[in-house]
1. Each residue of region 61-75 in order: what ³J(HN,Hα) in whole Hz does its phi give by Karplus 6.51 cos²θ - 1.76 cosθ + 1.60, θ = phi - 60°, with x for Gly and Pro?
2. Along the positive direction of the dipole of region 252-316 (beta-carbon charges: Lys, Arg +1; Asp, Glu -1; about the Cα centre), which of Phe282, His300, Leu257 reaches farthest?
3. Quote the FRET efficiency, to the nearest 0.05, computed for Asp219 versus Arg316 with a Förster distance R0 of 56 Å and r equal to the Cβ-Cβ distance.
4. Shape verdict for region 145-301, please, from the Cα gyration tensor: rounded (a/c under 1.5), prolate (a/b greater than b/c) or oblate.
5. Nothing charged except the Cβ atoms of Lys and Arg (+1) and of Asp and Glu (-1): what's the magnitude of the dipole of region 193-243 about its Cα centre? Round to the nearest 20 debye.
6. Whole-Hz Karplus ³J(HN,Hα) for region 283-297, in order, using 6.51 cos²θ - 1.76 cosθ + 1.60 and θ = phi - 60°, x for Gly and Pro?
7. Which pairs in the list Lys95/Lys120; Lys120/Lys223; Lys193/Lys233; Lys105/Lys193; Lys79/Lys162 are over 32 Å apart, alpha-carbon to alpha-carbon?
8. Whose amide H sits under 5 Å from the amide H of Val288, counting only residues 5 or more places off or on another chain, with H placed in the peptide plane?
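Values in this text are rule-based calculations from the coordinates and carry no lab data. Everything quoted here is computed from the prediction, not taken from an experiment. Positions of Cβ are generated from backbone atoms using ideal geometry, with glycine treated the same way; all protein chains shown enter the neighbour counts.
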Amino acid sequence: MTGQVECKRVVKWSAISHQALNDVGEILRHEGLLADNAARPSSFEAVMKNPARVRVFAPEAWTQTDFFKIFQGGTHKLKADGVKALSGVSNHFRKASLLYGLAIKILPNLQIDEQELMDKGHTSAINGAELTAVLEEVFTELYASVECIRKVITGIYAGTPKLPTDSTRRFFIRVMNDEIGSPFPQELISAVKGCRWFEQLRAIRDELTHADIGHCSTDRENKTVTYMHQGVKDGDSSLVIIDAMRHIDDLASDIDLFARDVFRYLNSQLQPTVVTQICGIFDGRVYVRNLPLDHSLTFHTGECISYAWFEDAEGRRCPFADNCGAYYAAKGIDR
């Protein structure tokens, strides 16, 4: 039996969000919302030990994209396709992360193809084809996330001279060649110019849209996966990615950084606003608060709205009320 292929690194998909979710127990303990001797939770439902109780408001887990999604309405009037694209930034990235996880699960199956080749002198390579198909979907979902970022940007700056609003490729080309007119922000120009990975990703995505799948093979010595596609050119030769898993790992990290840079700037330009934010759904009822735009917001930011009805309703008191700054703020009490 040949040596099993290894995935030497695991991508930090949206590292800020996932790390916050992993550390949510420590965060809640620090905020006084969970006893020190309570079991380490794996989800907000576990924190409250009741499947009928779901904590929704978790700002410690928000990415820059999440923050913009919540507060952008006070500054921008995005059209329907812009709002859809804003959701697509995270949704496509999450799909890519799920597919990447699936690729890791089926990675060991490559040794079945190798063993078949050694035993029979030929192989159907079906396991390699399955891995290739999954990895190619990771590429397309990552590109879709980038395209959604572009749509949000062009939706906001649609009036900028020479800014393409219908082509991600032309958008990147013009920004990188300094062909965009004023008043397009320098911060966004710098973020786009840092995307040296874009052209190869675009070429892969364009070819995969209509072409057959590429090919994955194993490097027995290094125990890595090599990806090749004859339809995608790298200079005069076909594209060959020596360590495909690490390449996708690095690509995802670069795209995550691009998203953070873009939305960090967009967040810095938001005007003060107050939104109605769902805090949680407890025993079938929705609990909400008024939430002002605050770049250092915590679980305690804002003012509780729901206290007006749950205060005197037996069995309906918010499970977080006794340790919630928003509850005390609504009642005019210093916490």
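1. 9, 6, 8, 4, 5, 4, 4, 5, 4, 6, 10, 5, x, x, 10
2. It is Leu257.
3. 0.40
4. oblate
5. Taking the Cα centre of region 193-243 as origin, the dipole is about 220 debye.
6. Going residue by residue, I get 6, x, 10, 8, 10, 10, 9, 7, 10, x, 5, 8, 6, 10, 5 Hz, with x marking Gly and Pro.
7. Table pairs above 32 Å Cα-Cα are Lys95/Lys120; Lys105/Lys193.
8. Cys279, Ile305, Ser306
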